Amino acid sequence: MCGIVAYLGDKEAYPILVNGLKRLEYRGYDSAGVALLHEDKLTIYKCQGKVSDLEAHVGDGPTTGTVGIGHTRWATHGPPNDVNAHPHQSTSGDLALIHNGIIENYASLKEELVHRGHTFLSDTDTEVLVHLIDDIQRSEKVDLAEAVRLALNSVVGAYAIVVLDRKDPDVMVAARKSSPLVIGIGDGEHFAASDATPIVEHTKNVVYLEDGEIAVIDRKKGLKIRNTKNQDKTPFIQELEMHLETLEKGGYDHFMLKEIHEQPRSIRDSMRGRLNLAKGEVVLGGIKDYEQRFVNAKRILIVGCGTSWHAGMVGEYLFEEFARIPVEVEYASEFRYRNPVVGEDDLVIAISQSGETADTMAAMELAKNKGATIIGICNVVGSSIARITHAGSYTHAGPEIGVASTKAFTAQVTLLTLMALMVGQKKGVLSGSSFYRLLNELDAIPDKVQRVLKTEDQIKYIADIYKDASNALYLGRGYSFPVALEGALKLKEISYIHAEGYPAAEMKHGPIALIDEAMPVFVIATKGASYEKVVSNIQEVKARKGKIIAIVTEGDTVVKGIADHVIEIPETPDALVPLLSVVPLQLISYHIAVMRGCNVDQPRNLAKSVTVE
Ligand code: M6R
């Protein structure tokens, strides 16, 4: 959480920082701030609220300076208010610092620094960093870069920081450990940011800092990297593949809506070059060297959080059906703290859109230390999770900016489907004809998603009827159970309606008590293995006056006769239904949230990358 951006070059920093903060706002949006350095004058603006509130706060105030840092916050230590907003300043007023992460030993450091005469103004953990660096600079008589290095050696926790020193306006120092930081190298200018989105419109050349690395950006000497052990490192410059238009709303009212509508393309991109119908094969270049590990795996563990965990549940059904490998799906946050039985025989699949989720990362590290093979499914190229796996596949969904995950889910499920089919074929579990039929069906999914999107007007109509509900229930069986969970998560996170996902047959063991005429019940009732059973569950809801909104297979007449509303999706094998059935649920949540006047892309209390546990 929290987004940081910094600039040093020959242009005015302020517009670059504000624009960058708007791109990073998905990471946190409870307060924002900038520090600008002009000659030896440091100007800081910060306030509670969004980046637009910061702009209003700055108003016509002075913004001159060709070096500056900016921050958008998601509060951990201390409430969101003006004082706790970053940048934080040293007592001397010389240093300004922005931080993304958590300093775990801040309390003991603070006690010592207070004792040494530093005055703390905020409730944040971050503030200890700026006082500590300032203290070391003075007592050790070292420059900013060395003071940062020495300070970081006493810090426990996670950080991406950028520091400015009023006494040396030609230098900016950035460092990272467990929180992401990218350095952009332009023509006579440098950038630093939590991800590449604020950088891509200025330069395509970037360096992803590794854990424990410190970047010293000097107006005259350029970029130098060393680590906290004082060893010089050679910057590894990579070219960004990101395109600017993927970061814009492209005519849609919200990023979430754009991302829902992008799914025919993002699913296709996730299959491109991997699903080869002509040759009848699946080739996943990123895990090629690990294919045999999959084939021989006695067990697969899947870890993730939120929507990625739901995708993992679909993965469980896929691997068990097509490859006959037992699978356990674990909340990363639970897995990491319960001394799990995991070892060299295990193959762990870590799923994450952002590639930065702290719990997922910790679960992977734990499994890796116990000897397991770690395979990643990530969307953000170069992210921390992608870099600590043994191997993996990117989802190629493109940047997902709406906090509610949509296209990342379908891209993750697409990749899991490709993996399970590939392993099933290589193990001989799937016959050639079944494998080929499923490949064809998968290849047809993007066009079918396009057809589902055409139901949007009908979905808007349904959304209008149920927009004032206080509770909602989502039911599904088999492959549709994880989709029910995902539908409920989408509704609660953006519209603040309490919603629960349940296996349809479990309803009678408790939730049925909740059903009355005010309860909308969304049911995935497509033709397939459990169709008749789900129809019975629908009857049970109707008998108690619940309102049924059913996702059915095109041409269904049975459910149409019982349900209050039906949304038709094209026919596809059970295993591929999640890729279609989730789309109307995404749309319904989106339209309900819009009708309730909620901030769809930036729901309250949430952030896109959850980089704290
Ligand atoms: O970036 P990740 O996929 O690791 O994120 C995991 C969850 O934080 C994320 O899916 C979250 O639940 C979304 N807000 C769901 O829409």
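The number of residues in the stretch 383-405 that are among the polar types (S, T, N, Q) and either free of Cβ contacts under 8 Å to residues at least 40 places away in the same chain or part of a strand (DSSP E or B) (or both) comes to 2.
Among the residues of the stretch 97-111, the one identified as touching a helix residue (DSSP H, G or I) at 6+ places or on another chain (Cβ under 9 Å) and either charged (D, E, K, R) or not assigned by TED's automatic domain parsing to the domain that holds Ser194 (or both) is Lys110. Scanning the stretch 293-316 for residues that are out of contact with any strand residue (DSSP E or B) (no Cβ under 7 Å at 6 or more places or on another chain) and under 23 Å from Glu356 (Cβ atoms), we see that the one that is farthest from the ligand (Cβ to nearest atom) is Val314. Filter the stretch 363-400 for residues that are within 12 Å of the ligand (Cβ to nearest atom) and hydrophobic (A, V, I, L, M, F, W, C) and give the result. Within the stretch 363-400, Ala363, Met364, Ile377, Cys378, Val380, Ile385, Ala386, Ala397 meet the criteria.
Before we move on, is Ser530 more than 16 Å from the ligand (Cβ to nearest atom), under 16 Å from Val314 (Cβ atoms) and at pLDDT below 95? Considered against the rule, which asks whether it is more than 16 Å from the ligand (Cβ to nearest atom), under 16 Å from Val314 (Cβ atoms) and at pLDDT below 95, Ser530 comes out as yes.
So that you can scan it fast, the table gives a plain yes or no per residue for (1) touching a residue at least 24 places away in the same chain (Cβ under 8 Å); (2) surrounded by 18 or more Cβ atoms within 10 Å (Cβ to Cβ); (3) out of contact with any helix residue (DSSP H, G or I) (no Cβ under 8 Å at 6 or more places or on another chain); (4) among the polar types (S, T, N, Q):
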{"position": "Leu489", "(1), (2), (3), (4)": "yes, yes, no, no"}
{"position": "His509", "(1), (2), (3), (4)": "no, no, yes, no"}
{"position": "Leu514", "(1), (2), (3), (4)": "yes, no, yes, no"}
{"position": "Ile524", "(1), (2), (3), (4)": "yes, yes, no, no"}
{"position": "Ser530", "(1), (2), (3), (4)": "yes, yes, no, yes"}
{"position": "Lys545", "(1), (2), (3), (4)": "yes, no, yes, no"}
{"position": "Thr557", "(1), (2), (3), (4)": "no, no, yes, yes"}
{"position": "Gly561", "(1), (2), (3), (4)": "no, no, yes, no"}
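If you go through the stretch 34-64 and pick out every residue that is buried (at least 20 other Cβ atoms within 10 Å of the Cβ), under 15 Å from Gln89 (Cβ atoms) and free of Cβ contacts under 8 Å to residues at least 60 places away in the same chain, you end up with 4.
Here are Asp253, Asp289, Asp269: which of them is over 17 Å from Pro578 (Cα atoms), in contact with a strand residue (DSSP E or B) (Cβ under 8 Å, 6 or more places away or on another chain) and acidic (Asp, Glu)? Break it down stepwise before answering.
Values: Asp253 fails: in contact with a strand residue (DSSP E or B) (Cβ under 8 Å, 6 or more places away or on another chain); Asp269 fails: in contact with a strand residue (DSSP E or B) (Cβ under 8 Å, 6 or more places away or on another chain).
Exactly one of Asp253, Asp289, Asp269 is over 17 Å from Pro578 (Cα atoms), in contact with a strand residue (DSSP E or B) (Cβ under 8 Å, 6 or more places away or on another chain) and acidic (Asp, Glu), namely Asp289.
Meeting the requirement of 3 or more residues that are of a type in the set (S, T, N, Q), the helices (runs of 4 or more DSSP H) wholly within the stretch 440-553 are 531-543. Residues that are in contact with a Phe, Trp or Tyr (Cβ under 6 Å, 6 or more places away or on another chain) and over 27 Å from Glu12 (Cβ atoms) number at least 2 in the following helices (runs of 4 or more DSSP H) confined to the stretch 40-140: 127-140.
For Val216, the conditions (1) surrounded by 19 or more Cβ atoms within 10 Å (Cβ to Cβ); (2) modelled with pLDDT of 95 or more; (3) in a loop (DSSP other than H, G, I, E, B) are fulfilled apart from (3). The stretch 260-366 holds strands (runs of 3 or more DSSP E) entirely within its bounds, and those carrying 1 or more residues that are closer than 30 Å to Lys249 by Cα and among the hydroxyl-bearing types (Ser, Thr, Tyr) map to 346-352.
In a residue-by-residue description of the stretch 104-122, the property of being under 30 Å from Phe255 (Cβ atoms) and either crowded, with 18+ Cβ neighbours inside 10 Å or among the hydrophobic types (A, V, I, L, M, F, W, C) (or both) applies to no position. Looking only at residues in the stretch 341-359 that are at pLDDT 95 or above and within 15 Å of the ligand (Cβ to nearest atom), which one is nearest to Arg27 (Cα to Cα)? Of everything passing the filter in the stretch 341-359, Gln353 is nearest to Arg27 (Cα to Cα).
Checking each residue in the stretch 558-613 for being in a loop (DSSP other than H, G, I, E, B), in contact with a Ser or Thr (Cβ under 9 Å, 6 or more places away or on another chain) and hydrophobic (A, V, I, L, M, F, W, C) picks out Cys598, Val600, Val610, Val612. Residue check: Val348 meets all listed conditions (1) within 18 Å of Ser178 (Cα to Cα); (2) buried (at least 24 other Cβ atoms within 10 Å of the Cβ); (3) out of contact with any Ser or Thr (no Cβ under 6 Å at 6 or more places or on another chain) but one, namely (1).
The values are calculated or read from the model by the stated rules, or taken from the named source; none is laboratory data. Since the structure is predicted, the reported quantities are computational estimates derived from the model, not experimental observations. Positions of Cβ are backbone-derived with ideal geometry, glycine not excepted, and every protein chain shown enters the neighbour counts.
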